Amino acid sequence: MQILSHWPGEPESKSALVDWIFEDPRSKALLAEIEQVAPSEASVLISGEPGTGKELVARYIHSRSLRPHGPFLTVSCGAFSEALVDAELFGHESGAFAGAFGTQSGRFEQADGGTLFLDEIDDLPMLVQTKLLRALKDREVIRHGGSKGIPVDVRVLASTTARFEERIAAGQFRADLYYRLNVVNMEVLPLSERRGDIVPLARYFIKEYSRQLNYSGASLTQDAERVLTDFAWRGNVRELENVVHRTLLMSNGGEIGADDLRFPARHSGTRAGHAPGAAPEVSSPAPATPASGLDALRAAVRRLCDEGTGNLHQVIEEAVFSEVFRYGHHSQSEAARLLGISRNVVRARLVRSGDIGEPRRVAPQSEPALKKSDA
């Protein structure tokens, strides 16, 4: 969970939830859709930019489903190598690969009777996509290195930041798996397109971080609320949370004015467009920088040269991949999009730099035969 570990206060009532994040009319429309779909057993594909709150939507669907007392488990599909995500999802038998000591159940078995949320489903390797499709069809899983099917009763929700049509056309994602996952599609809009949620979210984060910092009485002035509402929020809810947290750390916990807000220097803060009835464009109060990002990069390269940094090309390359990966909230697909290269290249570079785990060497293992229905 990257934004919050729970809905605010694990809401005692539905109204508490609505007041928190669904104050904007477009968010209320999404809430109505969630309420209608949640009690069903339909698979839901939740799409949206990084940091918009897709996992929060998944958690709320689970809480309003017919299995709210069952487990809710999350798998970040881009955080593992192919061998490891296979074992993470489906489990493994002892000796299935180097380091596989003892039998281990996977997330499907652990989520039995509940909900499994597959975050960044577009990062799932093709071979694992095939096994996932079979698990959804047959409602059973086969552990890595095993041959016996294990029945599971799991509702699957998934999220993506990618355009699946392009992934399918490029042969990177199975069309049949996409249609099985995409029974219902819910789009979580960027924060800039649901501005009515910004101030309620900011107030909630102020309350949460004030509690952690032992502050009392922290609040926003009207000018501060206006500036927050007009800011671009390219990083969505995560960025808003960070701004609130940073602001409170640099304050005494009293009234927060527009000049007290601590925005990231990399943003100009101007809005790209106007929503109906929105306030005019304003610039962020972020301090102006004397040079562009490219100028700063050139200066950094010259400084590395002055310092006599060895293997300069490799150092710069690893720094670029690592920082873009972090900027994209640890999504390999988002990093690939920002860099304009394939996800496989991103994965290989991140493994080499240690940003993600080294794939385990898997002993040769024949895949269980597909059932006739899968042929």
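Readers should treat all values here as calculations from the given coordinates under stated rules, not as data from a laboratory. Nothing here was measured: the structure is a model prediction, and the numbers come from that model. Every residue, glycine among them, receives a Cβ derived from its backbone with ideal geometry; neighbour counts consider all protein chains shown.
A few points about this structure:
- Each Lys and Arg contributes +1 and each Asp and Glu -1, all at the Cβ; summed about the Cα centre of the stretch 48-167, the dipole is approximately 420 debye.
- An ellipsoid equivalent to the stretch 14-189, defined through the eigenvalues of its Cα gyration tensor, has semi-axes of 29, 18, 14 Å when rounded to whole angstrom and sorted largest first.
- Nearby aspartates and glutamates by direct alpha-carbon distance to K148 (threshold 14 angstrom, same-chain neighbours under 8 apart not counted): E93, E109, D138, E140, E367
- Along its first, second and third principal axes, ordered by size, the stretch 167-258 spans 55, 26, 21 Å in Cα coordinates.
- All C-alpha to C-alpha distances of the stretch 293-353, sorted into 5 Å bins beginning at zero, yield P(r) values of 3, 19, 25, 21, 16, 13, 3 percent in whole numbers.
- Gain in span if fully extended, R211 to E140, counting 0.36 nm per residue against the direct Cα distance: 21.1 nm
- Counting only residues at least eight positions apart within a chain, or on another chain, the aspartates and glutamates with an alpha carbon under 14 Å from that of K28 are D19, E187, E193, D197.
- A simple packing score, the average count of other Cβ atoms within 10 Å per residue, orders the peptides 318-324, 143-149, 130-136, 330-336 as 330-336, 130-136, 143-149, 318-324, with the highest score first.
- Virtual spin-label span in nm between L294 and E82, 7 Å along Cα→Cβ: 3.8 nm
- Length gained on full extension, A32 to S105: 22.7 nm, using 0.36 nm per residue less the C-alpha separation.
- With all pairs of separate Cα atoms included, the stretch 163-202 yields a Kirkwood hydrodynamic radius of 12.6 Å.
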